[in-house]
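Note sheet for the following structure.
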2 protein chains.
Amino acid sequence: MPITAIDVHCHIVPGEFPAYAGKADASRWPQMAAGSDCRHKNVMIAGKNFRTVSDECWDVARRIEAMDKMGIARQVLSPMPELLSYWLDPADGLAMSRHVNGTIAQMVALAPKRFAGLAMVPLQDPDIATRELERIMADGHRGVEIGSNVNGVAIGDAKFEGFFAAAEKLGVAVFVHALHPASLERIVGPPRLAPMLAFPNETSFAVASMITGGMLERHPKLKIGFSHGGGTFGFIVHRLTQGWKVSPIIQEQIKTNPLDQARRCYYDTLLFSVDALEFVAKSFGLSQLFIGTDFPFELSEKAPLDALEKLGLGEAERAMLYSGNAERFLA
Amino acid sequence: MPITAIDVHCHIVPGEFPAYAGKADASRWPQMAAGSDCRHKNVMIAGKNFRTVSDECWDVARRIEAMDKMGIARQVLSPMPELLSYWLDPADGLAMSRHVNGTIAQMVALAPKRFAGLAMVPLQDPDIATRELERIMADGHRGVEIGSNVNGVAIGDAKFEGFFAAAEKLGVAVFVHALHPASLERIVGPPRLAPMLAFPNETSFAVASMITGGMLERHPKLKIGFSHGGGTFGFIVHRLTQGWKVSPIIQEQIKTNPLDQARRCYYDTLLFSVDALEFVAKSFGLSQLFIGTDFPFELSEKAPLDALEKLGLGEAERAMLYSGNAERFLA
């Protein structure tokens, strides 16, 4: 009897965007342009093709077809990260949020047994984002996706205190995805390496900031999960913990062992290596992992269950990894 | 019968620096100031105490005493990374190199069975650095330590082509250490977190640049090793390899599988986690690892052999990890 598999990390793009109706600056407001065939469209941002996307991004039937092939019973839909739009005027960001969140709600309504939704909020204005968070949770979303940083400020910064306090209070699942990484000046070689080389480090800084900024200590009931297995934080946490142990100046501000704090967060399985997944499971605990695929984008896991089956887990552990942990995160 | 252990990653600081004798700018030329007791000194750079260091940095007898306690038969001495001085005028950088390299040569000469040396060269001027590399190898150094970037440019950049070509031709071991990392703006919390949070990512960009910049493909016999287990590259390499597999545009410029390239490099064991070390050994191969401790600094491994013993290795593998791989790297 197969265990139900839930994919917590996969993205949607609406099939269309409304015309810009704001009062600030239309230049970075996304628009859809026709692609090279009827099943693809180009997401145009600031006059450039940001990404060519397939109809799997918005078409529920096409999505379910792919899910059935991959063995995924349920997808937790979240916005393509570039749609988080933190660089727009807050009012425009709110308008984009409502369009994207509405799209997600519609997709979930079309197949509520196959989908659940993570919304977005305009974190460039934490107060607006917090109010919107309270509002949207009434719409049936299971939580929110946020970026690893908001216009260069890591999410553990004190300016997001109110947002995380509200998320904790409401019991909202917060899923963190790498966005606009730093360090791009360190990349040498062909184009398009940033998603491979810089995003995992970016995610690591986001996890670290929640610990070193004291956010997790102040919000012990916050449910927070990180994409791509936490990026490279699986390595960093051990070095951070060692530094914490030997540095009184750091212990003064961070009371709880960083590794113990990290073991309260969730992480997806998207690491493209069974060895990496085993290591992350040892570092953070198997109870903290859920499936993530990055469907339907290029650098996604096409056969997510294959890697998991190689872990040699017992039935109870397998059930946790396939769905139990995700259900706890999203409850 | 115990196997000889070689520590390839440990640093020295000269007991004194000469007065600035250059013609450019004296402000960032290091000077030693007395510490709070006779066994410590402060390395003053630009009028600030960069780091308080102990006499284990320069005193051979004190060093050997510590090595005996740690079970280290031989240390491979390299400069404290901040001494690499890439931000100085090239002539000043060359003068600093000669002072530091002379100190290392003297320390090795005092106990040639307990020490070997890695020199430094002023890579802010790759031509001068290349000529100096050729000169110093006659002084008995086993190789060089270089930074992960030179004034913000990752080492895989084409401007270092001549340097790596010479290193390959001479058979010089090149040991890469994280230096002045990017992404510091992503750190939230108490001071002094950069060595924990940013350095491992920085090292990862350096390894990646040698692969994605084509440097390793152009110099197949180059012997290169990376500090801190390659930083976070153990994770990144799997994602990079996946991206390489699915992206023709990247394969056009990078012909060889990135994981295969990574498995030609060396990495130290300084990860503060047996699980991390096991994972890195699986990723890169046990034949590519050597001991590193960061002795005698704060965030160092005080009992390096304890972690290695937990790996449960057979005698032959243990011999490789303790000394065989280091000897191959330094030969």
- line: Considering region B:300-309, residues that are within 13 Å of chain A (Cβ to nearest Cβ) and open to solvent by 10 Å² or more (accessible area, probe 1.4 Å), and then whichever is modelled with the lowest pLDDT, we arrive at B:307
statement: If we ask which residues in region B:1-60 are more than 30 Å from residue B:304 (Cα to Cα), hydroxyl-bearing (Ser, Thr, Tyr) and out of contact with any Gly (no Cβ under 8 Å at 6 or more places or on another chain), their number turns out to be 1
Test result for residue A:187, in contact with a Pro (Cβ under 8 Å, 6 or more places away or on another chain) and at pLDDT 95 or above: no
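Residues are listed down the side, and each one gets a yes or a no for (1) of a type in the set (D, E, K, R); (2) surrounded by fewer than 22 Cβ atoms within 10 Å (Cβ to Cβ); (3) touching a residue at least 40 places away in the same chain (Cβ under 8 Å); (4) in a helix (DSSP H, G or I):
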{"site": "A:8", "(1), (2), (3), (4)": "no, no, yes, no"}
{"site": "A:21", "(1), (2), (3), (4)": "no, yes, yes, no"}
{"site": "A:28", "(1), (2), (3), (4)": "yes, yes, yes, no"}
{"site": "A:37", "(1), (2), (3), (4)": "yes, yes, no, no"}
query: What number of residues within region A:52-80 satisfy the criterion of being over 19 Å from residue A:107 (Cβ atoms) and in contact (Cβ under 8 Å) with a residue 24 or more places away in the chain?
result: 1
message: Please go through region B:226-269 and give me each residue that is open to solvent by 10 Å² or more (accessible area, probe 1.4 Å) and in contact with a Cys (Cβ under 9 Å, 6 or more places away or on another chain), ordered by number.
response: none
task: Identify all residues within region B:288-331 that are touching a His at 6+ places or on another chain (Cβ under 8 Å) and among the acidic types (Asp, Glu); write none if there are none.
output: B:294
message: Tell me yes or no: at least one residue of region B:286-299 is in contact with a strand residue (DSSP E or B) (Cβ under 8 Å, 6 or more places away or on another chain), within 14 Å of chain A (Cβ to nearest Cβ), open to solvent by 10 Å² or more (accessible area, probe 1.4 Å) and small (Gly, Ala, Ser).
response: no
- request: Identify all residues within region B:238-251 that are under 11 Å from residue A:191 (Cα atoms) and more than 31 Å from the chain's Cα centre (by Cα); write none if there are none.
  value: B:247, B:249
Region B:223-272, residues that are within 17 Å of residue B:155 (Cβ to Cβ) and among the hydroxyl-bearing types (Ser, Thr, Tyr): B:227, B:232, B:266, B:267
- prompt: Which residues, taken from region A:123-141, are assigned to a loop (DSSP other than H, G, I, E, B), touching a helix residue (DSSP H, G or I) at 6+ places or on another chain (Cβ under 6 Å) and either crowded, with 20+ Cβ neighbours inside 10 Å or at pLDDT below 95 (or both)?
  reply: A:123, A:124
- prompt: Assuming residue A:196 fulfils every condition listed in (1) surrounded by 15 or more Cβ atoms within 10 Å (Cβ to Cβ); (2) modelled with pLDDT under 95; (3) not β-branched (Val, Ile, Thr) apart from one, which condition is it?
  reply: (2)
Scan of region B:267-303 for residues that are hydroxyl-bearing (Ser, Thr, Tyr) and closer than 28 Å to residue A:244 by Cα, ordered by number: B:267, B:269, B:273, B:283, B:293, B:300
task: Could you identify the single residue in A:118, A:83 that is open to solvent by less than 10 Å² (accessible area, probe 1.4 Å), touching a residue at least 12 places away in the same chain (Cβ under 8 Å), among the aliphatic types (A, V, I, L, M) and assigned to a helix (DSSP H, G or I)?
output: A:83
statement: By my count, helices (runs of 4 or more DSSP H) wholly in region A:142-260 with at least 3 residues that are more than 10 Å from chain B (Cβ to nearest Cβ) are A:161-170, A:215-218
- request: Please work out which one of (1) more than 10 Å from every other protein chain (Cβ to nearest Cβ); (2) closer than 28 Å to residue B:195 by Cβ; (3) surrounded by 19 or more Cβ atoms within 10 Å (Cβ to Cβ); (4) in contact with a Lys or Arg (Cβ under 9 Å, 6 or more places away or on another chain) is the condition residue A:279 fails and give its number.
  value: (1)
query: Any chance region B:51-64 includes a residue that's among the hydroxyl-bearing types (Ser, Thr, Tyr) and crowded, with 22+ Cβ neighbours inside 10 Å?
result: no
query: Do we find that residue A:116 is more than 18 Å from residue A:13 (Cβ to Cβ) and either touching a Ser or Thr at 6+ places or on another chain (Cβ under 9 Å) or not polar (S, T, N, Q) (or both) in this structure?
result: no
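The values are calculated or read from the model by the stated rules, or taken from the named source; none is laboratory data. All values derive from a computational prediction rather than experimental measurement. Cβ coordinates were reconstructed from backbone atoms using ideal geometry, including for glycine residues, and neighbour counts include every protein chain displayed. Note: areas computed on protein heavy atoms with side chains; ligands, DNA, RNA excluded. Shrake-Rupley method; radii C 1.70, N 1.55, O 1.52, S 1.80 Å.
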